[in-house]
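Enquirer: Quick one: the structure is below, questions incoming.
The values are calculated or read from the model by the stated rules, or taken from the named source; none is laboratory data. Only a predicted model underlies this, so the values are computations on that prediction, with no experimental measurement involved. A quick note on method: Cβ atoms are made from the backbone with ideal geometry, for glycine too, and the neighbour counts reach across all protein chains shown. What goes into the accessible areas is simple: the full protein's heavy atoms, side chains included, and nothing from ligands, DNA or RNA. Shrake-Rupley method; radii C 1.70, N 1.55, O 1.52, S 1.80 Å.
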Amino acid sequence: TGRSPESIARWLDLNLFKFDGPAQMLGTEPNSARRPWDAAEVRWLLAASWDYSQAAGNMAVPAVYDAIHKAGNCTLADRWYLPMTPRDMDLLERGQVPVFGIESKHQARDFDVLATSISYTVLFMNFCKFLTMSDIPLRWTDRAENAGDYPMVMVGGQAYCAPEFMSPVVDCVWLGEA
């Protein structure tokens with residue numbers, strides 16, 4: 001199941017002009033830390049539950065992204081942001097494009113860890129949507145049977161103060177950010 005990085009890149013090449021927020025799908029902005037996929041031992045996908053323009057004011061994703069890359073060359077961090085508009089989300093869903101790393105174009109299922117920062121509980125709904133779009137079972141108990149087939153699902157941020165509502169979904173809750 002899923003798509004290869006090459007097929008995701010091809011799909012973007014053919015459809016990017018249709019997006020309201022195409023730039024957030026590219027991963028080409030300054031300070032992107034591109035690392036070779038095959039050289040990494042642990043690959044993290046940091047999935048922001050808000051779009052790129054809103055994420056610019058939130059330091060959670062950049063702080064964790066930087067901390068992972070400072071851990072050494074054996075780690076790789078990539079990012080995903082909520083599509084800018086519902087129309088952009090619809091384009092991805094109609095194209096059957098799973099959540100992917102904007103730098104590597106690897107689908108979420110290819111990563112070892114899928115992580116997010118939840119500042120407001122309502123953002124968790126977006127993160128759950130990311131899992132279902134990516135053919136990752138929503139409940140951790142459903143992933144546990146075939147744990148090697150799915151990334152570890154982690155959440156952090158301010159929602160750690162009340163993790164109970166996330167407990168059926170996540171494998172791990174960490175306190176704070178990086």
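Enquirer: Give me the percent of DSSP beta bridges within the chain that run antiparallel, rounded to the nearest 5.
Expert: Beta bridges within the chain, antiparallel portion: roughly 10 percent.
Enquirer: Using a cut-off of 13 Å between beta-carbons, work out the net charge of the residues near residue 135 (Lys and Arg +1, Asp and Glu -1, residue 135 not included).
Expert: Residues near residue 135 contribute 0 overall.
Enquirer: Another question, if that's okay. Among 34-43, 92-101, 109-118, what's the highest-first ranking by average C-beta atoms within 10 angstrom per residue?
Expert: Averaged packing, sorted descending, gives the order 109-118, 92-101, 34-43.
Enquirer: Could you go through the range 165-173 in sequence order and give the Karplus-derived ³J(HN,Hα) for each residue, using 6.51 cos²θ - 1.76 cosθ + 1.60 with θ = phi - 60°, rounded to whole Hz, and x for Gly and Pro?
Expert: Computed from phi, the couplings for the range 165-173 are 5, 8, 4, x, 9, 8, 8, 7, 10 Hz.
Enquirer: Can you give the FRET efficiency for residue 141 and residue 58, using 1/(1 + (r/R0)^6), R0 = 35 Å, r = Cβ-Cβ distance, to the nearest 0.05?
Expert: About 0.70, to the nearest 0.05.
Enquirer: Where does the range 87-126 land on Rg(C-alpha)/(2.2 N^0.38 Å)?
Expert: 1.34
Enquirer: Give the relative contact order (percent, whole number) for the chain; include only Cα pairs under 8 Å separated by 6+ residues.
Expert: It rounds to 25 percent for the chain.
Enquirer: Still on this model: Might you work out the accessible area of residue 141 for me, using a 1.4 Å probe with all protein chains in place, and round it to the nearest 10 Å²?
Expert: Its accessible surface works out to 60 Å², give or take rounding.
Enquirer: To the nearest µm²/s, what D does Stokes-Einstein give for the range 57-101 at 25 °C and 0.890 mPa s, using the Kirkwood radius over alpha carbon pairs as Rh?
Expert: 197 µm²/s
Enquirer: How large is the dipole of the chain about the Cα centre if only Lys and Arg carry +1 and Asp and Glu carry -1, each at its Cβ, rounded to the nearest 20 debye?
Expert: With Lys and Arg at +1 and Asp and Glu at -1, about 220 debye.
Enquirer: Considering the values (1) 109; (2) 152; (3) 122, which represents volume of the Cα convex hull per residue in Å³ as calculated for the structure under consideration?
Expert: (1)
Enquirer: On alpha carbon coordinates alone, what is the Rg over Rh value for the range 1-66, Rh being the Kirkwood radius?
Expert: Value, to two decimals: 0.97.
Enquirer: Same structure, new question: Can you pull a Stokes-Einstein diffusion coefficient for the range 63-130 at 10 °C (1.306 mPa s), Rh from Kirkwood over Cα pairs, as a whole number of µm²/s?
Expert: Roughly 119 µm²/s, to the nearest whole number.
Enquirer: Follow-up. Dividing the convex hull volume of the Cα atoms of the range 115-178 by its residue count, what figure in Å³ per residue is obtained?
Expert: That works out to 73 Å³ per residue.
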